[in-house]
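Take a look at the structure below.
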Amino acid sequence: MSSDQAALVPRHVAIVMDGNGRWAKKRFLPRFFGHKQGVDALVKVVQACIDRNIDYLTVFAFSSENWKRPSDEVSGLMGLVLAAVSRYLARMGAMGVRIRIVGDRDAVSPKLRNAWNEAEAATAHNTKLTLSVAFNYGGRWDIVQACKSAMQAGVSPEALTESKLSEFMAMSYAPDPDLFIRTGGEVRISNFLLWQVAYTEFVFSDCLWPEFGEAQLDAAIEAFRERDRRFGGVKSTPPTAVAA
Ligand code: FPP
């Protein structure tokens, strides 16, 4: 590997943290314990991203479709997130993490909404890593809300371009993800950042999220480095001599 490749680090990593339920089931524990362990894995991965100079980490914590889960699992996840904010907010702040929440906040409880607002305000000045937590988020929801916001802002059909619409997407503050990781063995996007992953590199790992750590992150970065990113163009190769 050349030193150029060795230095190549994805600027923005997005992760679908899948496999918490199976991790718990394997241990004859309720699914909630898998999610609890998942929070601990996330804290470790945040630190690992900082150590590797990754600027943006975006994680799928609760999808628009996760409301379909049994009500005790949904309320367990809500409680877990609230507890995680109070347990880890100070630590995240000390690590230099800026927290952003992306998703439809209208449907979550006022208590959780306030906790999100507090987490964002308390960490707004941090610059080491932006951790975006997608919560009550769906890629299709994001595209529709961006269209609605653009219309409300008076953008005309003629003025609507890809870059104009990007300004209204929930993650307009971040570059598109370079690397998308999904743990847990499933090979699908599940309505995560649909608009933003047009040219993202995908890595699917069989590792269950609670077991994901530095070694698995490094393996994904290694796979990313081996990809040939062309963004729809062609690889630039030196012109070959043509015989006269
Ligand atoms: C998918 O595993 C995981 C989730 C739906 C929840 C992920 C949430 C966390 C790790 C907590 C995040 C907390 C904060 C504070 C950001 P699954 O339940 O679908 O697992 P399975 O496929 O094995 O059933």
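Structure above, values below:
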read-out	value
Members of segment 187-208 that are touching a strand residue (DSSP E or B) at 6+ places or on another chain (Cβ under 9 Å) and within 20 Å of Val45 (Cα to Cα)	Phe192, Leu193, Thr200, Glu201, Phe202, Val203, Phe204, Ser205
Residues within segment 107-165 that are more than 25 Å from Pro177 (Cβ to Cβ), among the polar types (S, T, N, Q) and in contact (Cβ under 8 Å) with a residue 12 or more places away in the chain, tallied	1
Filter result (under 13 Å from Leu129 (Cβ atoms) and in contact (Cβ under 8 Å) with a residue 40 or more places away in the chain) within segment 92-106	Met92, Met95, Gly96, Val97, Arg100
Top-ranked residue in segment 14-30 [being more than 6 Å from the ligand (Cβ to nearest atom) and more than 15 Å from Gln216 (Cα to Cα); ranked as surrounded by the most Cβ atoms within 10 Å (Cβ to Cβ)]	Trp23
Residue that is nearest to the chain's Cα centre (by Cα), among those in segment 169-189 that are exposed (fewer than 14 other Cβ atoms within 10 Å of the Cβ) and over 14 Å from Thr58 (Cα atoms)	Arg188
Helices (runs of 4 or more DSSP H) within segment 1-78 that include 2 or more residues under 18 Å from the mean Cα position of the chain (by Cα)	31-51
Close pairs from segment 172-183: first free of Cβ contacts under 8 Å to residues at least 24 places away in the same chain, partner among the aliphatic types (A, V, I, L, M), Cβ under 9 Å, at least 6 apart	Ser172/Ala146
When residues of segment 89-111 are limited to those that are in a helix (DSSP H, G or I) and touching a helix residue (DSSP H, G or I) at 6+ places or on another chain (Cβ under 6 Å), the one nearest to Arg140 (Cα to Cα)	Arg105
Breaking point among (1) out of contact with any helix residue (DSSP H, G or I) (no Cβ under 8 Å at 6 or more places or on another chain); (2) within 14 Å of the ligand (Cβ to nearest atom); (3) free of Cβ contacts under 8 Å to residues at least 24 places away in the same chain; (4) of a type outside the set (Ser, Thr, Tyr), for Leu42	(3)
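Every residue, every condition in (1) under 30 Å from Leu165 (Cβ atoms); (2) touching a Ser or Thr at 6+ places or on another chain (Cβ under 8 Å); (3) near the ligand (Cβ under 10 Å from one of its atoms), yes or no:
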| position | (1), (2), (3) |
| --- | --- |
| Lys36 | no, no, yes |
| Asn66 | yes, no, yes |
| Leu77 | no, no, yes |
| Arg91 | no, no, no |
| Ser109 | no, no, no |
| Asn117 | yes, no, no |
| His125 | yes, no, no |
| Ala134 | yes, yes, yes |
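We did not get these values from a lab; they are worked out from the coordinates using the rules stated. This is a predicted model, so every value here is computed, not measured. Methodologically, a virtual Cβ is constructed for each residue, glycine included, from the backbone with ideal geometry; neighbour enumeration extends over all protein chains shown.
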